[in-house]
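The structure under discussion appears below in the form of structure tokens.
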Amino acid sequence: MKVPKVTKEIFIERLAEKTRDDIELKGDFHGYNKEVTLFHTTCKREFSVTARAFLQLPNCRLCSNEAFTKARQEKNKREFYRKFSRKPYSMEYTFLSDYQKSNKKIKVQHKICGKPFFMTPNKLVNGQQCSNKECVGKRIREGKMKSIEQFDKELIIKWNGEFIAVGEYRGSKEKVNVFHKRCGKIIDAYPNNLLKGHDCKVCTNNYKRSTLQFERELQEVHGSEYSVMGTYKSRHDPILIKHMFLII
Ligand SMILES: [Zn+2]
Ligand SMILES: [Zn+2]
Ligand SMILES: [Zn+2]
């Protein structure tokens, strides 16, 4: 089948068919595969495109480019606000200017200190916040603080459930109340010490008392023949004793 040659007249006909009469041919027509200059009456701008390409996609290239860019910007903007609103601190901030581009600074106000600052959406999404000295200091302090849930979880893992956090957790350097299942007592202890493996002080004191008691009883029977070296745990647990006379 022979394809009829597209002449200037045919092209203008097709132009009328495919558009809403808002595109006009400007200047000459050199052939179907050659560039033509077209005029968009709505935006009153000229653009160049091959005649074939225009008929395949009959719209103003300038307007459609803008529409595309705008749609993409709108999408990025929605994405930015959505991501930022998911930050746990998002309620602390107010946007004083609107999102334009991910790398174009916007004006933000920190409600806590009241100070406005400029920052790119990229940085805001990556977790950067108000750079006010006091606010930065506060964030660092809070970052070091573990939640009671996290502390309790670590405690259970370390002690296989022997200790349970019952009090308020105010950071690793403040004493916290914990329940000790072995002795049934609530004790206060430094969180870091407990996580390092320091035992319950009530139980440790009981051990010491028992060892001293045992030592005394041993002396009553054997005089200074034996010396207690280990820790008394119970009547059934072995304890290290030195027989003093063997040394002499
Ligand atoms: Zn246009
Ligand atoms: Zn601040
Ligand atoms: Zn205990």
In this structure, among Lys5/Lys44; Lys101/Lys123; Lys173/Lys196; Lys70/Lys104; Lys153/Lys208, pairs with alpha-carbon gaps over 21 Å are Lys5/Lys44; Lys153/Lys208
With +1 on the Cβ of every Lys and Arg and -1 on the Cβ of every Asp and Glu, the dipole magnitude of region 112-248 about its Cα centre, in debye rounded to the nearest 20, is 700 debye
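With charges only on Cβ, +1 for K and R and -1 for D and E, what is the dipole size of the chain about its Cα centre, in debye, rounded to 20?
700 debye
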With N residues in region 38-95, Rg(alpha-carbon) / (2.2 N^0.38 Å) equals 1.84
1/(1 + (r/R0)^6) with r = Cβ-Cβ of Asn206 and Lys75, R0 = 51 Å, i.e. FRET efficiency to nearest 0.05, evaluates to 0.15
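Counting pairs of Cα atoms in region 25-173, how many percent are more than 26 Å apart?
58 percent
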For the chain, the charge dipole (Cβ of Lys, Arg +1; Cβ of Asp, Glu -1; about the Cα centre) points to a positive end, and the Cα of Thr41, Ser234, Ala71 closest to that extreme belongs to Thr41
Rounded to the nearest 10 degrees, the helix 148-159 long axis (Cα) sits at an angle to the longest Cα principal axis of the chain of 50 degrees
The extension gain from Ala16 to Arg86, computed as 0.36 nm times the residue separation minus the Cα-Cα distance, is 20.1 nm
Of every Cα-Cα pair in region 203-246, the percentage lying beyond 17 Å is 28 percent
Quick calc, region 79-142, dipole around Cα centre from Cβ unit charges on Lys, Arg (+) and Asp, Glu (-), nearest 20 debye, gives 120 debye
Residues of region 15-36 with backbone N under 19 Å of the label point set 7 Å from the Cα of Asn59 along Cα→Cβ are 15-24
Phi-derived 3J(HN,Hα) across region 210-217 with the Karplus relation (6.51, -1.76, 1.60, θ = phi - 60°), rounded Hz, x for Gly and Pro, is 4, 4, 4, 4, 4, 4, 4, 4
With Cα coordinates, the longest principal axis of the chain makes an angle with the long axis of helix 8-18, in degrees rounded to 10, of 50 degrees
Rounded to whole angstroms and listed largest first, the alpha-carbon spread of region 152-248 along its three principal axes comes to 55, 23, 22
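With the Cα gyration tensor of region 79-142 in hand, give its eigenvalues times 5 under a square root as the equivalent ellipsoid semi-axes, listed largest first in whole angstrom.
19, 13, 10
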Rounded to the nearest 10, the angle in degrees between the Cα long axis of helix 61-85 and the longest principal axis of the Cα atoms of the chain comes to 10 degrees
When the chain is treated as a Gaussian network with springs between alpha carbons less than 10 Å apart, the largest mean-square fluctuation among Lys233, Lys115, Lys181 is found at Lys233
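Just so you know, all these numbers are worked out from the coordinates, no wet-lab data involved. On a predicted model such as this, the values are computed, not experimentally measured, just so you know. Quick reminder, even Gly has a Cβ in these numbers, built from the backbone with ideal geometry, and neighbours come from all protein chains shown.
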